[in-house]
1. Within the stretch 59-86, how many residues turn out to be out of contact with any strand residue (DSSP E or B) (no Cβ under 6 Å at 6 or more places or on another chain), touching a residue at least 24 places away in the same chain (Cβ under 8 Å) and at positive phi?
2. Which of (1) farther than 14 Å from residue 168 by Cβ; (2) assigned to a helix (DSSP H, G or I) is the odd one out, the single condition residue 224 does not satisfy?
3. Here is a check on your reading of the model: is residue 188 in contact (Cβ under 8 Å) with a residue 40 or more places away in the chain and in a helix (DSSP H, G or I)?
4. Which fully enclosed helices (runs of 4 or more DSSP H) of the stretch 74-185 have 2 or more residues being over 30 Å from residue 7 (Cβ atoms) and more than 21 Å from the chain's Cα centre (by Cα)?
5. Please determine, by comparing only the residues of the stretch 153-173 that are without any contact (Cβ under 8 Å) to a residue 60 or more places away in the chain and surrounded by 23 or more Cβ atoms within 10 Å (Cβ to Cβ), which one is nearest to residue 112 (Cα to Cα).
6. Going by the conditions given, is residue 23 over 20 Å from residue 197 (Cα atoms) and touching a residue at least 12 places away in the same chain (Cβ under 8 Å)?
C-alpha cells in the first residue's frame, strides 16, 4: 500500500497537569490514504477535534508523531508550520471564518494575499473557477452578509481549495446549517473528493454526514475504538451506540 497522506503514531495530547490533567488523546494511531474521505466521530470530549487540530498543525501534540506523505511535522517551528498549513492544507470550519468586509472572491483569494504569494492576481481566475465549481459564479462580489449560511460555507470550501492542498480538513462543516443546506455542502464535499481526488478528513457529530465518507473512525476517551465503512447512516448510528455503551464490569470483581 502507498504511503498514507496523513498518519499519526502513538499521538498523545495532555492538557493541564497534576489534578487538572486531561488526556485528550491517548496513543492514537491514525492513517488516511490519498484521495480517501474519512469521517471522525465520538462523544463530546472524545478527542476528535483535538485530533483534527493536531493533524492540521493548529496545535502541537504532547507526544507521538504526525506526518504528511511520510514527512513528520511534529516539532517544526511556527514559521514552518504556518507554511505547511498554507501550502499543503485547506480548512473548512463550522462558522465559515469569512472576513465580513471582503467580497466572496476576495475571501477565496485570502490565503494567497496573506502569504503575499507571487502571482496572487493570476489566481483570481482560479478563484472564479472555484466559485463556479461550488455554484456561486454569480455571487463573487457579494459580501458574507449578503449570502446565506450555505453560500458562505461554499465560499469557505472554495477558499480551502485555492492553493491545491494535499488534504482538506473539515470541522463540523454542517454544524451551523439547516438540514437542506447541510446536505448540499456534504454532497459538494463528496463531489470534490471524488471528481478531483482531494483527500478529506471531516469531524462530525451527525451520523448522516459521516455516512457519506469512505470510512468512519470512532474515538472514545482519546483512543480509536472502532472503524467501519461509510455508506449507511444506520450502521453509523449502531456503531456510535456501541462505543457509548458502558464497558462491562470485570467478571471476577
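1. Summing the residues that are out of contact with any strand residue (DSSP E or B) (no Cβ under 6 Å at 6 or more places or on another chain), touching a residue at least 24 places away in the same chain (Cβ under 8 Å) and at positive phi in the stretch 59-86 gives 2.
2. Only one criterion in (1) farther than 14 Å from residue 168 by Cβ; (2) assigned to a helix (DSSP H, G or I) is unmet by residue 224, namely (2).
3. Details: in contact (Cβ under 8 Å) with a residue 40 or more places away in the chain: yes; in a helix (DSSP H, G or I): yes.
The answer is yes for residue 188.
4. Those helices (runs of 4 or more DSSP H) span 104-114, 123-133.
5. Restricting to residues being without any contact (Cβ under 8 Å) to a residue 60 or more places away in the chain and surrounded by 23 or more Cβ atoms within 10 Å (Cβ to Cβ), the top hit is 158.
6. Numbers: over 20 Å from residue 197 (Cα atoms): yes; touching a residue at least 12 places away in the same chain (Cβ under 8 Å): yes.
Yes.
For (1) surrounded by 16 or more Cβ atoms within 10 Å (Cβ to Cβ); (2) modelled with pLDDT of 90 or more; (3) touching a helix residue (DSSP H, G or I) at 6+ places or on another chain (Cβ under 6 Å), each residue gets a yes or a no:
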| position | (1), (2), (3) |
| --- | --- |
| 11 | yes, yes, no |
| 21 | no, no, no |
| 40 | yes, yes, yes |
| 53 | yes, yes, no |
| 59 | no, yes, yes |
| 64 | yes, yes, no |
| 72 | no, yes, no |
| 85 | yes, yes, no |
| 104 | yes, yes, yes |
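The values are calculated or read from the model by the stated rules, or taken from the named source; none is laboratory data. All values derive from a computational prediction rather than experimental measurement. Methodologically, a virtual Cβ is constructed for each residue, glycine included, from the backbone with ideal geometry; neighbour enumeration extends over all protein chains shown.
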